[in-house]
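Take a look at the structure below.
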Amino acid sequence: MNSLIQIGLTGGIASGKTTAAVTLATLGAHVIDTDALARRALDPGMPGFEAAVRVFGREILNADGAIDRERLGDIVFADAQQRQRLNDIVHPEVRTAWQGELIELKRAGWRGVVTVVIPLLYEVAAQDWFDAVIAVGCAETTQRQRLRERGLSGAQAEARIRAQLPMTAKMEHADFVVWNECSLAVLEQQMTRIWKRLESLAPADGNISD
């Protein structure tokens, strides 16, 4: 590849975005994980941490002074207004971080695929930043099962699923769709097919949709 190709990777919670991103990284993509950036934005000493404590109070803190993310999650996923207040704190920090990394890669002359994993890509209207979008999907029953395996209650899982755009809408708007109701090997095969499409793009080709 002779140019930098910017890919957004999205999907519903527990759909398999991280596994898909790991596969792309193995194939040669540079991956930026906005979930990791969002967690970092709420670390002690960060502006997002101070803002979250001001908005939600010190009751969201653990005994060691860090944010209790499960407690904060229960607050924001139970109330759309509270969730928006947190998004207003975290999303600008995250967007600045991943856009800054893209700029630095371009300045460094990096060539190839850069994949930015953004769970709420369509919800925050970030799709126009990318040459193409990959959506990873699965059935809601699978989402619920995977979230329960992560230790969430049924109510917690349902609240997190309903807080996002429906999976079908994400897939409908994406350029490439990966259906993750399968083995890891099949998921990797799907990602490899998409990778070959990306590799075959001519630098001047601005249309890489399926």
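Entry remark, the stretch 74-110: residues being over 30 Å from residue 4 (Cα atoms) and not in a helix (DSSP H, G or I) number 2 in total. Being small (Gly, Ala, Ser), surrounded by fewer than 19 Cβ atoms within 10 Å (Cβ to Cβ) and either at pLDDT 95 or above or touching a helix residue (DSSP H, G or I) at 6+ places or on another chain (Cβ under 6 Å) (or both) is the filter here; which residues of the stretch 11-35 pass it? Selection gives 25 alone. In the condition set (1) buried (at least 18 other Cβ atoms within 10 Å of the Cβ); (2) β-branched (Val, Ile, Thr); (3) free of Cβ contacts under 8 Å to residues at least 60 places away in the same chain, residue 124 is compliant with all but (1). Within the stretch 145-156, being in contact (Cβ under 8 Å) with a residue 40 or more places away in the chain and surrounded by 15 or more Cβ atoms within 10 Å (Cβ to Cβ) holds for 146, 147, 156. Residues that are out of contact with any helix residue (DSSP H, G or I) (no Cβ under 8 Å at 6 or more places or on another chain), surrounded by fewer than 18 Cβ atoms within 10 Å (Cβ to Cβ) and either charged (D, E, K, R) or under 22 Å from residue 104 (Cα atoms) (or both) occur in the stretch 43-57; there is at least one.
Quick check on residue 109: is it on the phi > 0 side of the Ramachandran plot and without any contact (Cβ under 8 Å) to a residue 12 or more places away in the chain?
yes
Tell me whether the stretch 57-73 contains one or more residues that are under 30 Å from residue 177 (Cβ atoms), small (Gly, Ala, Ser) and either assigned to a helix (DSSP H, G or I) or touching a Ser or Thr at 6+ places or on another chain (Cβ under 8 Å) (or both). Within the stretch 57-73 (the criterion being under 30 Å from residue 177 (Cβ atoms), small (Gly, Ala, Ser) and either assigned to a helix (DSSP H, G or I) or touching a Ser or Thr at 6+ places or on another chain (Cβ under 8 Å) (or both)), the answer is yes, since at least one residue qualifies. Residue pairs whose Cβ atoms lie under 8 Å apart, separated by 6 or more positions or on different chains, with the first residue in the stretch 172-200 and basic (Lys, Arg) and the second at pLDDT 95 or above and not in a helix (DSSP H, G or I), are 197/176. Note on the stretch 83-106: among residues that are in contact (Cβ under 8 Å) with a residue 60 or more places away in the chain and closer than 23 Å to residue 198 by Cα, the one that is farthest from the chain's Cα centre (by Cα) is 106.
Of all the listed residues (152, 121, 165), the sole one being closer than 21 Å to residue 34 by Cβ, modelled with pLDDT of 95 or more and assigned to a loop (DSSP other than H, G, I, E, B) is 121.
The values are calculated or read from the model by the stated rules, or taken from the named source; none is laboratory data. Only a predicted model underlies this, so the values are computations on that prediction, with no experimental measurement involved. Here the Cβ is made from the backbone with ideal geometry for all residues, glycine too, and neighbour counts use every protein chain on show.
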